[in-house]
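Okay, so here's the structure we're looking at.
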Amino acid sequence: MLNFSELYPVSNEIRQAQLLDGLWRFQFDPQEAGEKEQWAARGLPAPISMPVPASFADVFTEAWQRDYCGDFWYETDVYAQEIRPGQRYFIRFGSVTHRCRVYMNGVPAAEHEGGFLPVVAEVTALLRPGRNLLSVKANNELNETSIPCGTVLRRADGSKQAAGYFDFFNYSGIHRSVCLVRTPEEAIQDYDLTYRLEENRAFINYSVDAEGDYGVCVELRDRDGALVASAQGKTGELIVENPRLWQVRNAYLYTLTVLLKKGAQTVDRYDGKIGIRTVAIENEKILVNGQPVYLKGFGKHEDADIIGRGFSYAVAKRDFECMKWLNANCFRTSHYPYAEEWYRMADEEGFLIIDEVPGVGMMRSIANFLASGAGKSNGFFGDCPDVNLLLKNHKAAVEEMIRRDKNHPSVLGWSIFNEAETITQASHDYFAPLFDLAREIDPQHRPVTGVLEKTSSLDRCQCYPLMDFICLNRYYGWYISGGDLKGAEAQFIEEMDQWAEKNLRVPFVFTEFGTDTLDTLHKLPSVMWSQEYQSEYMDMNFSVFDRYAFVQGELAWNFADFQTGQGVFRVNGNKKGLFTRARQPKDAAYTMKKRWEVK
Ligand code: BDP
């Protein structure tokens, strides 16, 4: 059990969440001087201003600042009007990329490895009435013992250069909101829910993790605020008569209120939205509330102009509107868990999410996307410098993601890796405990998967038997037989026939397929990179998918154009978006829209 709460911050008559977002102070620390010179206690010696939340990279005009790799610091003042006795105080970051140490008034309060999940620092003993100095030492280096994997190269001038074994820019900084959270001394820490549906009834089994010897009271209210069920005790069952189910693209959310009670007095209270629904895999079908669902949507990135990987409600809202316009119903959080606000919005909109940990780059290549797309394998687990440390960090990410996201009705399943090396015994031995862990800690036992690229072929892959549904990334017509859609189609069918013959009786989902496409390029007859080619490629892929009943989903790569590192294969980023980076449709978006209207 944790000694602090990672629950999404809320304010009510007992708890308070004070947003600390805004313009913070910031300083690069290439010499790693900050700790020796006590920047956390003394304040940053030469700070500039920096928006939070946002990546730091794209606010700059100098290349060295955009591409900076190493230590960097953020600080801000936190005003505490009063410190209430009998209360606990926390600073909660939605994420800090990729690792950080948090200080309050110069004293270390928390450390966290991994750039895509919350960091919580208890500051009860460190916070003073009035002005407090909150400092964060962060670092964005990549290595092979933490995820995502990569390495650090040295430029000619000696500066560090992050080289990810992945195809997205190594955006860094405080990417999500920061809150000062006040809770009672003994508080609600967490809750779990499982669902069972019978004809006109839903059974919700709950378990509340709360401190102290208090009574626990759980209440469920519908959208109009009417009480529909309640129960007492740390564990119990809520029975809902004639429930309104959470359905795909037709969401209905109830409010679950957890109360800690000392007699008539309420000691703590937490309200969360929940959706009554079940998810399951049955043979080749993905079932939501017992009904088959075909997944339609995208692999995405948290990526936008200027803010980089920083969360913005406006960008997220636009993305949901675009996805709804296309008749999509699902996305994968490629290649890392997204800001919690995405899941809250998906809960409201009735979208399904395949939730992925940053298990990416587990194939040693700077242009992994090229090698893997074309089926050229690169090793990894056999000669990884410290596979136990990597596994420890990977396990922590799986655990933190599931703990954070388990109560979202939108979350359909968990993805443990993207395009890892899966053809050796070592890879199987590495991944098997991660799959076990995910199954063990998710109270709802949602399906667990991993995403396979071309070299993880049927005859070589050691890991697909671990998966509840199989996710494939395939680029026939782009990395393979690019420019020859007929030939590509034949090769694609040849591979799919082999999977069909195996008769695995599990659903397959295409989690990536796409072509780089310039929104300015038209050509008749089509050529690679033209808008016409993207549409024709999509049509070819759809015709292949439709031949196989076990194909139960298509998540195109990518929702929108996104930033990558520089190189001869990327024209200022990956252009496989169905939308531009400014979220305007390319022609192929209309192809998807038409198909998904009826599919
Ligand atoms: C796959 C990766 C993805 C890349 C994509 C591509 O999973 O991150 O962006 O290919 O090449 O290898 O566009």
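Summary of values
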{"quantity": "Segment 415-487 - charge dipole about Cα centre, Lys and Arg +1 at Cβ, Asp and Glu -1, debye rounded to 20", "calculated": "280"}
{"quantity": "Spherically averaged projected area in nm², based on the convex hull that wraps the Cα atoms of segment 169-232", "calculated": "8.6"}
{"quantity": "Long-range HN-HN contacts of D268 with modeled amide H, under 5 Å", "calculated": "L260"}
{"quantity": "Over 42 Å [Cα-Cα, the chain], rounded percent", "calculated": "22"}
{"quantity": "Radius 15 Å from Cβ of E440, net charge of other residues (Lys, Arg +1; Asp, Glu -1)", "calculated": "-1"}
{"quantity": "Rg/Rh for segment 16-184, where both radii come from Cα atoms and Rh is the Kirkwood radius", "calculated": "0.98"}
{"quantity": "Debye log10 I(q)/I(0) at q = 0.20, 0.24, 0.28 Å⁻¹ for segment 231-304, Cα point scatterers", "calculated": "-1.01, -1.16, -1.29"}
{"quantity": "Alpha-carbon radius of gyration plus Dmax, which is the widest Cα pair, for segment 392-507 in Å", "calculated": "16.0, 47"}
{"quantity": "For segment 290-596, the spread of Cα positions along each principal axis, largest first, Å", "calculated": "52, 43, 42"}
{"quantity": "Peptide ranges 586-594, 211-219, 110-118, 260-268 listed from the most packed, as the mean C-beta count within 10 angstrom indicates", "calculated": "110-118, 586-594, 211-219, 260-268"}
{"quantity": "Length released on extending from S207 to K486, taking residue separation times 0.36 nm less the Cα-Cα span", "calculated": "95.0 nm"}
{"quantity": "Stretchable slack from R249 to E111, in nm (0.36 nm times residue separation minus alpha-carbon distance)", "calculated": "45.8 nm"}
{"quantity": "Footprinting exposure proxy for W73, W64 (fewest neighbouring C-beta atoms within 10 Å first)", "calculated": "W64, W73"}
{"quantity": "Cβ-derived FRET efficiency at R0 41 Å, L389 paired with N12, nearest 0.05", "calculated": "0.50"}
{"quantity": "Likely footprinting exposure, D192, D224, fewest C-beta neighbours within 10 Å first", "calculated": "D224, D192"}
{"quantity": "Cα lying deepest toward the dipole's positive end in segment 382-533, options A438, S481, V509, charges on Cβ", "calculated": "A438"}
{"quantity": "Table column - 3J(HN,Hα) (Hz), segment 137-150, Karplus curve with 6.51, -1.76, 1.60, x for Gly and Pro", "calculated": "9, 10, 8, 10, 6, 10, 8, 9, 10, 9, 10, x, 8, x"}
{"quantity": "Karplus 3J(HN,Hα) series, Hz, for segment 588-594 with 6.51 cos²θ - 1.76 cosθ + 1.60 (x for Gly, Pro)", "calculated": "5, 4, 6, 4, 5, 4, 5"}
{"quantity": "In Hz, Karplus ³J(HN,Hα) per residue of segment 467-484 (6.51, -1.76, 1.60; θ = phi - 60°; x = Gly, Pro)", "calculated": "9, 7, 9, 9, 9, 10, 9, 9, 10, 5, x, 10, 6, 10, 6, x, x, 10"}
{"quantity": "Rounded to the nearest 20 debye, dipole of segment 47-100 from Cβ charges on Lys, Arg, Asp, Glu", "calculated": "380"}
{"quantity": "Extension reserve of the L197-L153 stretch, reckoned as 0.36 nm per residue once the Cα distance is removed", "calculated": "10.4 nm"}
{"quantity": "Dipole moment magnitude, nearest 20 debye, the chain about Cα centre, only Lys, Arg, Asp, Glu C-beta charged", "calculated": "820"}
{"quantity": "P(r) tail fraction, segment 201-325 - alpha-carbon pairs more than 18 Å apart, %", "calculated": "66"}
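Each reported figure results from applying straightforward, stated rules to the coordinates on display, with no laboratory input. In this text, all values refer to a predicted model and were calculated from it rather than measured experimentally. Glycine gets a Cβ as well: all are built from the backbone with ideal geometry, and neighbour counts include every protein chain shown.
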